[in-house]
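Heads up: the structure comes next, in structure tokens.
Please treat every number below as a calculation from the coordinates, not as lab data. All values reported here derive from a predicted model rather than from experimental measurement. Reconstructed Cβ throughout: ideal geometry from the backbone, glycine too, with neighbour counts over all protein chains shown.
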């Protein structure tokens, strides 16, 4: 029940957070969220429905492109992974994925509240808030899945429980977002490792793969970058920084521009921000954008940008956790740069 009601429940809680942030500007607590003025969405003003009615229902919380023709999506309750392929101008579950596949912890138990998803060279990763089977207990974790099999359900092939590394939060205010940034991009821009207090050196983190995982915490709007040991549950926090919002719902790395995008839902009027590595080697907000003028203020918790540029624009996909008007996916365009 907690997962099913989460969209409405969040609206009430987060509005209080926004109000408190505004009130605290005088003493600087909200300065990080108010420093950048939002400008018009840098793409087309129109959006289109991108799924057939009733396919997903509520709780579709995260989306991530594998390629221009494969989109991954996660539902937070019951925890479900979808592989989607184009269907004309819409997206539909791929063959064998009609109902999605249930996700579990490595031992096959539980119902991880998957809020964000990202496809990476290491597999499909999700950011989770809790185990829905124990919904009153916060358990922020990152889970890895091998989605290449034909079975109807999935056991995680890796788990990184980051509860002890994060602030104590309510069960419904934990990890919402996840993205992956390759080491090559981080070193090229002289990303600073807050753990070693020096320039980021991938060699300091054996078995971490070829990039870092960036997750967003809903409770404070902060982003945390982790080196995940792919052979165990060990991890190291490499950095933490503000997303530009009081709450963050999704993260998306755009290789063509080097932007790390942060998305906020109806809490922040559907705005997005871009973050880039500055002269100090830290990610900082460089722009903030309103949602496309043709899109209502939906509870969009998922945000993904196609890697393909065609006719000067890229497709953008939003997932609506509330399934407004019986649709969970919408598409728009973003100008290529």
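Before moving on, here are some points about what is shown:
- Between residue 326 and residue 165, the FRET efficiency from the beta-carbon distance, with R0 = 30 Å, is close to 0.15.
- Chain lengthening between residue 87 and residue 256 when straightened (0.36 nm per residue, less Cα-Cα): 58.3 nm
- For the pair the range 163-240 / the range 71-124, the C-alpha centres are spaced 22 Å from each other.
- Euclidean distance of C-alpha centroids, the range 243-281 and the range 130-161, integer Å: 25 Å
- Spacing of the two label points (7 Å from each Cα toward its C-beta) at residue 99 and residue 66, in nm: 2.1 nm
- Packing-based exposure ordering (other Cβ within 10 Å, fewest first) of 195, 104, 208: 195, 104, 208
- Shown for 101, 46, 92: other C-beta atoms within 10 Å of each C-beta, ranked fewest to most, produce the order 46, 92, 101.
- The relative contact order of the chain comes to 20 percent, based on Cα pairs under 8 Å that sit 6 or more residues apart.
- Overall form of the range 35-91 per C-alpha gyration tensor (a/c, 1.5; a/b vs b/c): prolate
- Exposure proxy ranking for 249, 295, based on other Cβ atoms within 10 angstrom of each Cβ and starting from the fewest, stands as 295, 249.
- Fraction of beta bridges assigned by DSSP in the range 6-335 that are antiparallel (%, nearest 5): 95 percent
- In terms of its alpha-carbon gyration tensor, the chain comes out rounded; the largest-to-smallest axis ratio a/c stays below the 1.5 threshold.
- Helical mean residue ellipticity (222 nm; -39500 (n - 2.57) per DSSP H run of 4+; nearest 500) of the chain: -2500 deg cm²/dmol
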